[in-house]
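To start, the structure under review is shown below, and the notes come after it.
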Ligand code: HEC
């Protein structure tokens, strides 16, 4: 006996269209840029040395959307943990941006703090 019906026209068993592979991809960075914070333009004259603990708070609210929580790397921003970046490179990246990373996300004391934090996670 031959079993018939292994292929019936119109019926595609086990395929309910759960994954729409053909869907247009909305680049996540477009969304991320909409949530970017207003750069604070306060002109602090006396910026104290950065505080990594305060910088972590800044990082999680301003940078982690791209670089991942704790700088572990995200969908858009590179991993900063163990990156070996020094403070000068981090500060200039924050000031000038790069790729989809906007320039001047933070400045003044917040910048000093977030740089101190990124330095702290960039060291193995
Ligand atoms: C909109 C996404 C986005 C946000 C928000 C963002 N970054 Fe970035 N960041 C990037 C991308 C993308 C790069 C890589 C840029 C390139 O390759 O030119 C980058 C690069 C960097 C680099 C250099 C990494 C390297 O290996 O050279 C540092 C440091 C950095 N970001 C720190 C920060 C800090 C600190 C913040 C928060 C104040 C922040 N980023 C916010 C996307 C972002």
Among (1) part of a helix (DSSP H, G or I); (2) at pLDDT 95 or above, residue 29 falls short only on (2)
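Checking the condition within 12 Å of the chain's Cα centre (by Cα) and surrounded by fewer than 16 Cβ atoms within 10 Å (Cβ to Cβ), which residue from 120, 75, 65 passes?
Numbers: 120 fails: within 12 Å of the chain's Cα centre (by Cα); 65 fails: surrounded by fewer than 16 Cβ atoms within 10 Å (Cβ to Cβ).
Criteria check complete, one pass: 75.
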Those residues of the range 46-81 which are more than 17 Å from residue 112 (Cβ to Cβ), touching a residue at least 24 places away in the same chain (Cβ under 8 Å), assigned to a loop (DSSP other than H, G, I, E, B) and within 6 Å of the ligand (Cβ to nearest atom) amount to 76, 77
Within the range 62-75, the count of residues that are at pLDDT 95 or above and farther than 16 Å from residue 121 by Cβ comes to 1
With criteria (1) closer than 18 Å to residue 115 by Cβ; (2) surrounded by 12 or more Cβ atoms within 10 Å (Cβ to Cβ); (3) modelled with pLDDT under 55, residue 86 comes up short on (3)
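In the range 82-110, what residues are assigned to a helix (DSSP H, G or I), in contact (Cβ under 8 Å) with a residue 60 or more places away in the chain and within 10 Å of the ligand (Cβ to nearest atom)?
Taking the range 82-110 first, the residues assigned to a helix (DSSP H, G or I) are 87-96, 108-110.
Now restrict to residues that are in contact (Cβ under 8 Å) with a residue 60 or more places away in the chain: 108-110.
Within the range 82-110, just 110 meets the criteria.
The values are calculated or read from the model by the stated rules, or taken from the named source; none is laboratory data. Since this is a predicted model, take the numbers as computed values, not measurements. Cβ sites come from the backbone with ideal geometry, for glycine too, and all protein chains shown count toward neighbours.
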